[in-house]
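Take a look at the structure below.
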Amino acid sequence: MKGQSYTRTKYMRGFPPPKITKFTMGDPKGSFEYQVLLISKRDAQIRHNAFEAVRIAVNRFLESNLGTNNYCLRILPFPHHILRENKMIFGAHADRLQDGMRAAFGKPIGTAARVKMNQSIVLASVNENGIEIAKEALKRGGSKLPMSCRIKSEKVLV
């Protein structure tokens, strides 16, 4: 992650909305005994389409193995950081269409979330019979992320 975070959307126009729209799945009002967390091992920047891929993979595995109302899945970070790209055209006669580094601020192409080391990314709340299934689901979801992650399970104190 280089530079200052670029998040002031009121000053810019035309950036695409994040692909991830649902951050909570399953049964959000249910009471569950255990939490299984996907935790980052280092600082990283995660794009919005990677969050959507994680959400789909984990939710599909949990729903097919536990059922709809036997878990609660939450994606914790929100992609605030806006990514820019200075588009360059390569090929024949491309020299007439680009200016190189002149006015190279770039156009918005997407959003991302900046994640710190040991920050929780995905939270799955399950009962005791679903701990191993949730660990496997988060392992599959962690493979969609651009950095290595660890899985931690803990009992919820009520």
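Count the net charge of all other residues whose Cβ sits under 9 Å from the Cβ of D43, scoring Lys and Arg as +1 and Asp and Glu as -1.
Residues near D43 contribute +3 overall.
If packing is taken as the mean number of other Cβ atoms within 10 Å per residue, what is the order of 21-30, 54-63, highest first? Present the calculation step by step, with values, prior to reporting the outcome.
Details: 21-30: 12.8, 54-63: 19.6.
Going from most to least packed, we get 54-63, 21-30.
Determine the calculated [θ] at 222 nm for the chain from helices alone, applying -39500 (n - 2.57) to every DSSP H run no shorter than 4 residues and normalising by the residue count; nearest 500 deg cm²/dmol. List each step's numbers first, then the result.
Numbers: 2 runs with 31 residues, N = 158.
Only helices count here, giving -6500 deg cm²/dmol.
Please compute the net charge surrounding I109, taking Lys and Arg as +1 and Asp and Glu as -1 over other residues with Cβ under 13 Å from its Cβ.
Summing Lys/Arg as +1 and Asp/Glu as -1 gives +4.
Could you check the spin-label model distance between S143 and T9? Points 7 Å from the Cα along Cα→Cβ, value in nm.
Those two pseudo-labels are separated by 3.3 nm.
Return one number: the angle in degrees, 0 to 90 and rounded to the nearest 10, between the long axis of the Cα atoms of helix 48-66 and the longest principal axis of the Cα atoms of the chain.
Compared with the principal axis, the helix lies near 20 degrees.
Relative contact order (percent) for the stretch 1-136, with alpha-carbon contacts under 8 angstrom and 6 or more residues of separation?
With pairs under 8 Å counted, the relative contact order is 41 percent.
Of the labelled options (i) 188; (ii) 124; (iii) 147, which one gives volume of the Cα convex hull per residue in Å³ as computed for this structure?
Here volume of the Cα convex hull per residue in Å³ agrees with entry (iii).
Here, each number is a calculation from the coordinates, and none is a lab measurement. What you see is a predicted model, and the numbers here were worked out from it, not measured in a lab. So basically every Cβ, Gly included, is an ideal-geometry build from the backbone, and we count neighbours across all protein chains shown.
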